[in-house]
Amino acid sequence: MKFHIRTEQLPDFDLAAIETALGERDPAGLVDRDPARALLRFSTCLGGAEVLALMADAGFPVAASALEGVPSECCGGCGG
């Protein structure tokens, strides 16, 4: 699943702490920052509630309204 979290309401967040929290739950998961659109972008096997929980565990709780699911770009061609 892919998710975006709007970051306008977050204080200066520590991307490394969020990466660590994600890696503990989904070692293949990815998170990066898109400063131009004020987003954190997640690609993970986790669900939305789990992404919100890992943000809180990393010290950056966010409201569920800040989390947006992104439609899959999977064409199914690789079988994954």
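The values are calculated or read from the model by the stated rules, or taken from the named source; none is laboratory data. Since the model is a prediction, treat every value here as computed from it, not as a measurement. Here the Cβ is made from the backbone with ideal geometry for all residues, glycine too, and neighbour counts use every protein chain on show.
A few remarks follow.
- Residue tally, condition modelled with pLDDT under 95 and either of a type in the set (Phe, Trp, Tyr) or closer than 9 Å to Phe3 by Cβ (or both), over region 45-60: 1
- Ile18 satisfies every condition listed in (1) over 9 Å from the mean Cα position of the chain (by Cα); (2) surrounded by 15 or more Cβ atoms within 10 Å (Cβ to Cβ) except (1).
- Neighbours by Cβ (under 6 Å, 6+ apart or cross-chain): first from region 16-44, acidic (Asp, Glu); second assigned to a strand (DSSP E or B): Glu19/Val31; Asp32/Arg41; Asp34/Arg41
- Of all residues in region 23-37, those that are in a loop (DSSP other than H, G, I, E, B) and under 12 Å from the mean Cα position of the chain (by Cα) total 2.
- Hits in region 1-15 (condition: assigned to a loop (DSSP other than H, G, I, E, B) and either among the basic types (Lys, Arg) or free of Cβ contacts under 8 Å to residues at least 12 places away in the same chain (or both)): Asp12
- Any hit, region 61-79, residues being assigned to a loop (DSSP other than H, G, I, E, B) and modelled with pLDDT of 95 or more: no
- Restricting attention to region 54-69, the residues that are touching a Leu at 6+ places or on another chain (Cβ under 9 Å), of a type in the set (A, V, I, L, M, F, W, C) and surrounded by fewer than 16 Cβ atoms within 10 Å (Cβ to Cβ) add up to 2.
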